[in-house]
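See below for the structure under consideration.
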Amino acid sequence: MQQRGFGDLEATVMDRVWAREDGVTVRDVFDELTGTRQIAYTTVLSTMDNLHRKGWVRRDRQGKAYRYWPTMTREERSANLMRAAFSAGGDTEAVLAFFVGQMTAEESAQLRAALRHGGSGRRT
């Protein structure tokens, strides 16, 4: 799957999808969003349909509605974006050096811990 950034509304919708282990309906997302912004139900419907078409969510029909689930976790998506950035960034060693140089002490400790554990999705 090509890794591109989400639009503002897509990112907001995906936050709602990732937050619910039992999946979400368009109505669920619409009801949550109307508390913070003016938005039409059909806009949420179109956005979720677009996310499905792009492969970011899967859906199953439940009665007259669909229930949506993410096709990958937020962490998997972030890792894929990082992989794409390393691939497109030219000199990988230089990209990594700049990346590590911008880390906080806590992030650096988390990176060292991840390297010690070898990572579960490690490429060979």
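Each value in this text was obtained by applying a stated rule to the coordinates, not by laboratory testing. What you are looking at is a predicted structure, and each value in this text was computed from that prediction instead of being measured. Here the Cβ positions follow ideal geometry from the backbone for every residue, glycine too, while neighbour counts run over all protein chains shown.
Calculated mean residue ellipticity at 222 nm for the chain: -17500 deg cm²/dmol, from DSSP H runs with n ≥ 4 weighted as -39500 (n - 2.57), summed, divided by the residue count and rounded to 500.
Just so you know, the Cα atoms of the chain work out to an Rg and Dmax of 17.9, 53 Å.
Take the Cα of THR71, step 7 Å toward its Cβ, do the same at THR34, and the gap between the two points is 3.0 nm. Of the trypsin sites (Lys or Arg not before Pro) found in the stretch 20-124, those that fall in a DSSP loop while having at most 15 other beta-carbon atoms within 10 Å are ARG37, LYS54, LYS64, ARG122, ARG123.
Cβ-Cβ distance of ARG20 and ARG61, R₀ of 22 Å, FRET efficiency by 1/(1 + (r/R0)^6): the value works out to about 0.80.
With an a/c value under 1.5 for the gyration tensor axes a ≥ b ≥ c computed over the alpha-carbon atoms, the stretch 8-70 is described as rounded.
About the centre of its Cα atoms, the chain shows a dipole size close to 480 debye [charges on the beta carbon of Lys, Arg (+1) and Asp, Glu (-1) only; nearest 20 debye].
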